[in-house]
Amino acid sequence: MVLEMPSYPDRSKIAPFVSHQSSPGETAATTTNPIHGPQDDATLPSPTTARTTPHLQRWNHPRSNIARVLGTFWCFIILGANDAAYGALIPYLEEYYDVDYLTISLVFLSPIVGYTASAVTNNMLHMKVGQRGIAFLVSILHIVAYVIISIHPPFPALVVVYIFAGYGNGLADSGWNAWIGDMANANEVLGFLHGMYGLGACIAPLIATAIVTQAGWPWYTFYYFLVGASVIELFFLTGSFWAATGAVYRAQHADITLEHDQSTSPENVSQSPSGTSTPVNHEPVALSADVKPRTWKERYQRATSFLDYSFTEPRPKPKPAPTSRFSAYMNTINPLSNSRSNTALAVKNRVTVLAAVFLLFYVGAEVSIGGWIVTFMLRVRHGTPFASGLTSTGFWLGVTVGRFILGFVTGRLFPTEKHAITCYLTICLVLQLLFWLIPSFTVSAVMVGLLGFFVAPMFPAAVVVMTKLLPKRLHVAAVGFAAAVGASGATILPFAVGAIANSKGVYVLQPVVLALFAAQLMIWLCIPRMRKQRMS
């Protein structure tokens with residue numbers, strides 16, 4: 001028997017039939033196929049199926065990102081100058097206010113109040129006022145803090161003023177890291193962002209030391225420069241983010257929530273071998289209570305079982321309706337209420353907690369070195385005041401160069417950020433041992449410069465890791481929380497070094513920093529496995 005197969009018409013010939021659009025009055029659009037008759041539009045392939053994967057923003061696309069990235073660069077120059085000025089000015093602050101190590105270390109400790117406040121309110125401020133409001137608030141806080149410091153108030157007032165600077169720094173650190181960390185080639189762009197931080201930290205000790213030792217001006221005249229830089233920041237940064245209002249941010253946030261909901265819908269789940277649809281789940285299998293852990297990873301999982309291992313946060317339970325007008329108002333201003341992308345959800349994730357503790361130790365070690373290196377070189381290595389001040393500049397110069405260079409090395413030479421930072425931390429441990437054990441001013445100056453070079457990419461890499469392992473809707477809250485906790489390390493640990501140095505001597509800087517590097521390595525090894533470098 002001969003069977004004649006039907007011949008289907010050319011697709012171009014039936015285009016007028018399949019392009020039928022439903023009118024507003026129709027309840028369901030249909031298309032007329034010349035062969036099989038009427039068909040529902042839902043059965044036709046979507047013309048945008050091949051373009052459903054969103055493209056990451058780049059530093060130069062859209063075009064408005066160019067000015068915004070440059071504005072964040074200028075902001076981070078100010079952040080670096082703020083943090084590095086401590087080290088160069090501490091000897092002169094001690095003399096001016098006639099206080100000891102423990103008391104002068106309060107200028108390190110007081111900003112923790114501001115950093116903590118920024119961690120709690122960061123997500124709420126983004127939702128309310130957007131990135132434009134963040135840029136304006138950061139600039140105003142910088143101006144207010146530096147104007148008050150430049151009039152050299154009594155020491156208790158100086159300690160309080162650093163809280164405002166800490167709040168502004170925390171908002172900037174978290175907001176701009178989260179925004180740039182989600183771009184294409186994030187290692188390189190974040191490397192430049194933190195390189196600007198290092199540039200500011202490199203310039204600040206040099207200017208401060210020259211002002212005091214060469215020009216003979218009082219220490220507080222350095223803050224005149226920061227006041228001028230903050231005024232430029234107000235116009236440049238706020239102007240570049242002027243269109244990024246709270247409404248725009250909330251609209252983007254709604255799009256992110258929709259993408260997340262669609263990714264967990266029935267049509268976007270994987271098929272199990274039995275034929276049933278199961279959602280894709282990347283979280284580790286929890287150990288049963290009656291199974292004895294055999295490896296260190298299983299013991300770590302059992303010890304941290306109170307954390308949520310899921311990389312996609314659970315949906316929050318619906319909250320009861322407010323019973324009064326006052327409770328409704330409190331619900332509105334509460335930064336942790338009714339938000340599917342807030343800090344309360346982010347801190348339940350294992351990745352956020354590990355990254356936050358890692359940054360706490362990292363920033364603490366970095367600022368401890370930069371803050372106490374001048375005093376250490378003066379009183380332990382017996383250097384001259386000007387040469388000792390230059391060692392702080394050398395450390396921050398190493399940080400700057402390392403962030404410009406190693407950002408490209410991390411993204412191209414290593415499979416993932418986890419491999420890269422493990423290598424860098426091992427090198428830092430060796431350099432710190434040489435810095436501690438060889439009692440030579442020249443060797444110490446060289447080692448501290450190399451140390452700055454290899455610690456440089458750790459903060460950017462931690463941010464990239466969070467943006468890879470966490471859902472996009474948690475990026476701002478999670479990175480904001482981790483950055484604020486890390487910034488707190490810039491206050492707690494240098495204060496601890498000063499408190500110990502007050503009774504034991506400033507040479508304790510070396511074993512403390514060595515212990516901090518070892519703790520960072522242990523925490524970093526607990527970071528979950530991640531995908532390869534993201535270059536587009």
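The values are calculated or read from the model by the stated rules, or taken from the named source; none is laboratory data. Computed from a predicted model, the values in this text were never measured in an experiment. We place every Cβ from the backbone using ideal geometry, glycine too, and count neighbours over all the protein chains shown. These accessible areas exclude ligands, DNA and RNA; they are computed on the full protein's heavy atoms, side chains included. Shrake-Rupley method; radii C 1.70, N 1.55, O 1.52, S 1.80 Å.
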Treat each spin label as a single point 7 Å out from the Cα along the C-beta direction, and report the N502 to Q214 distance in nm. 3.5
Histogram of C-alpha separations across the stretch 383-536, 10 Å bin width, %: 10, 34, 37, 15, 4, 0
In nanometres, the difference between 0.36 nm per residue of separation and the alpha-carbon distance of R529 and I207 is 111.6 nm
Taking one equal scatterer on every alpha-carbon of the stretch 162-240, how large is log10 of I(q)/I(0) by Debye at q = 0.11, 0.14, 0.17, 0.19 1/Å? -0.40, -0.62, -0.86, -1.01
Separation of the I232 and T426 label points, Cα + 7 Å toward Cβ, nm: 4.2
With all pairs of different alpha carbon atoms counted, what Kirkwood hydrodynamic radius in Å does the stretch 51-125 show? 16.2
Starting from 0.36 nm per residue, how many nanometres of slack lie between Y96 and I438 once their C-alpha separation is accounted for? 119.8 nm
Length-normalised contact order of the stretch 403-536, Cα under 8 Å, at least 6 apart, in percent, tallies to 38
With a 1.4 Å probe and every protein chain kept in, tell me what percent of the accessible surface of the stretch 467-536 is carbon plus sulfur. 67
I405 paired with T221, simple spin-label distance in nm, labels 7 Å along Cα-to-beta-carbon: 3.6
Would you mind checking the pairs K128/K468; K348/K472; K348/K418 and listing those with alpha carbons more than 19 angstrom apart? K128/K468; K348/K418
Considering only protein heavy atoms, with the full assembly of protein chains and a 1.4 angstrom probe, order F386, F225 by accessible area, largest first. F225, F386
By how many nm would the segment from A344 to A247 lengthen if fully extended, with 0.36 nm per residue of separation less the alpha-carbon distance? 32.7 nm
Find the accessible area per residue for the stretch 467-536; the probe is 1.4 Å, ligands and nucleic acids are left out, and the unit is Å². 35
Which order do peptides 349-362, 131-144, 400-413 fall in by mean Cβ count within 10 Å, highest first? 349-362, 131-144, 400-413
